[in-house]
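*Asks:* Here it is, the structure in full.
FYI, it's all coordinate maths here, none of it is from the lab. Everything quoted here is computed from the prediction, not taken from an experiment. Cβ sites come from the backbone with ideal geometry, for glycine too, and all protein chains shown count toward neighbours.
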Amino acid sequence: MPRDAILTEIQGYADELIAIRRDIHMHPETRFEEVRTAALVAEKLREWGLEVTEKVGVTGVVGTLKGSRPGQRAIGLRADMDALFIEEANSFAHRSRVPGKMHACGHDGHTAMLLGAARYLSDHRDFAGTVQFIFQPAEEAATGAKAMIEDGLFDRFPVDAVYGLHNSPGIPVGEFATRPGPILAGADFWGVTFRGTGGHGGAAPHLATDVTVALGHFLLAVHTILPRNLHPTEPAAVSVGHVSGGAFNSPNVMPSEVVVRGTARFFRPDAQATIRRRLAELAESLASAHGCTAEAVYEPLCPPTVNAAEKVPVAVAAAAALVGQGKVGDIPMSTGGEDFAFMLAEKPGAFMRIGNGSNPDGSFHNVHTPLYDFNDEALALGSAYWASLVQQELALDDA
Ligand SMILES: [Zn+2]
Ligand SMILES: [Zn+2]
């Protein structure tokens with residue numbers, strides 16, 4: 001079937017996909033609590049004749065569909081199901097019914113798009129091999145993909161390649177974008193605890209070791225890591241997000257302990273190693289210069305999302321077959337993080353972005369903001385992309 005026919009057919013049940021998407025939007029569930037969403041996904045997959053495995057990585061779901069033609073190859077298509085801890089500010093009918101929780105990253109749309117593809121492909125099994133539909137929990141916590149992998153995802157449901165799809169506000173509906181190599185950053189947390197004697201700040205500063213002086217120097221020194229320790233062309237970010245110490249009601253007391261925490265974003269393991277080493281060196285040397293000690297902790301959270309060079313053309317061809325080559329763009333690397341990175345670290349594949357559109361004046365509500373919403377106009381196209389990708393990857397009989 002020509003690929004534009006895929007889109008036409010899926011558009012025929014777009015209303016049903018929109019209803020599913022809005023239902024999920026109204027009932028957002030956060031990290032590893034995606035019980036209702038997972039049940040809905042499993043029910044739909046069963047309805048369309050897929051083999052369903054639940055509770056893969058706590059609340060993850062895998063739907064398995066075998067093609068009618070002989071083939072040993074298998075591919076994984078992955079959607080995320082979790083919401084964010086954000087109070088929704090939208091007033092439309094399908095707004096969140098759960099206080100403090102919201103689908104502000106469009107994972108409701110991602111889930112509905114992959115369901116749409118499952119429905120289409122269950123009616124069109126003329127492909128050679130197996131498709132694993134992977135619905136993962138807890139993407140926003142960067143722990144859901146890992147939980148599924150640790151629960152044997154790729155041993156129990158082997159695949160030769162794995163693909164991801166995420167909406168992008170600002171890219172017009174009807175367009176796609178990706179790039180070979182790193183597409184999203186690795187994202188880690190770090191923290192330093194400075195310890196000293198503390199003391200009577202007003203009367204006897206000379207009798208104390210002052211952790212706030214060490215902290216002050218450290219806060220500025222952090223910003224020398226990028227320009228002085230990384231190559232000038234190396235993209236990375238190091239930022240401070242939390243500082244605490246002392247008691248608000250006791251400004252005359254020098255604290256004996258202060259804590260600083262922050263994030264690091266990077267695209268290559270070398271850059272990560274340098275940032276990690278320099279944070280500890282700066283903390284320890286500046287603490288020692290001021291008679292204090294420093295304990296530096298580095299928490300690797302999520303590796304960079306790296307597209308396999310040989311899989312990007314496959315993803316691009318799948319999208320181009322639907323919208324034309326001119327509507328599949330190259331996208332710059334983003335310093336956002338994405339836990340699909342854990343899957344791409346195991347299997348070759350590609351992460352694709354699908355346009356979520358903008359307002360007529362070019363403005364848009366970005367993901368992770370309280371007025372964001374997934375654009376239902378992109379739903380059928382996203383489902384069609386997945387189906388087109390399966391035709392692309394599992395076209396040839398190999399038995
Ligand atoms: Zn997000
Ligand atoms: Zn997201």
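*Asks:* Compute the length gained on full extension between T293 and R69: take 0.36 nm times their separation in residues and subtract their Cα-Cα distance, giving the result in nm to one decimal.
*Replies:* Contour length minus Cα-Cα distance gives 74.0 nm.
*Asks:* When the helices in the chain are scored as -39500 (n - 2.57) per DSSP H run of 4 or longer and the sum is shared across all residues, what 222 nm value do you end up with, to the nearest 500 deg cm²/dmol?
*Replies:* Only helices count here, giving -10000 deg cm²/dmol.
*Asks:* Next question. Picking from T130, T64, T293, which is most flexible by a Gaussian network model of the chain using Cα springs under 10 Å?
*Replies:* T293
*Asks:* Next up: Between their Cα atoms, which of K66/K101; K101/K311; K66/K347; K66/K327 are more than 29 Å away from each other?
*Replies:* Values: K66/K101 36 Å; K101/K311 35 Å; K66/K347 20 Å; K66/K327 31 Å.
Violating the 29 Å Cα-Cα cut-off are K66/K101; K101/K311; K66/K327.
*Asks:* Mind checking the dipole of region 186-302: about its Cα centre, +1 per Lys or Arg Cβ, -1 per Asp or Glu Cβ, Debye to the nearest 20?
*Replies:* In total the dipole reaches around 180 debye.
*Asks:* Now for a different question. Which of I225, I75, I20 ends up with the largest GNM mean-square fluctuation for the chain, with Cα atoms connected below 10 Å?
*Replies:* Taking springs between Cα atoms under 10 Å, the residue moving most is I225.
*Asks:* So what is the relative contact order for the chain, in percent, with contacts set as C-alpha pairs under 8 Å and at least six apart?
*Replies:* Here the relative contact order equals 25 percent.
*Asks:* From the residues P70, T274, A93, which one has its Cα farthest along the dipole of the chain in the positive direction, the dipole being from +1 and -1 charges on Cβ of Lys/Arg and Asp/Glu about the Cα centre?
*Replies:* T274
*Asks:* Then there's this: For the chain, compute Rg over Rh where Rg is the Cα radius of gyration and Rh is the Kirkwood radius from the inverse mean 1/r over Cα pairs.
*Replies:* When Rh is taken as the Kirkwood radius, the ratio is 1.06.
*Asks:* While we're on this one: Given points 7 Å out from each Cα along the Cα-Cβ axis, report the A273 to H242 separation in nanometres with one decimal.
*Replies:* 2.9 nm
*Asks:* Between M26 and N229, what FRET efficiency follows from the Cβ-Cβ distance if R0 is 35 Å, with the result rounded to 0.05?
*Replies:* 0.15
*Asks:* Using a 10 angstrom cutoff on alpha carbons, build the Gaussian network for the chain and name the most mobile of D339, D151, D270.
*Replies:* Ranking D339, D151, D270 by mean-square fluctuation puts D270 first.
*Asks:* Which of the helices in the chain meet the span-like rule: DSSP H, Cα axial reach of 27 Å or more, Kyte-Doolittle mean at least -0.5?
*Replies:* TM-like helix candidates: 269-289.
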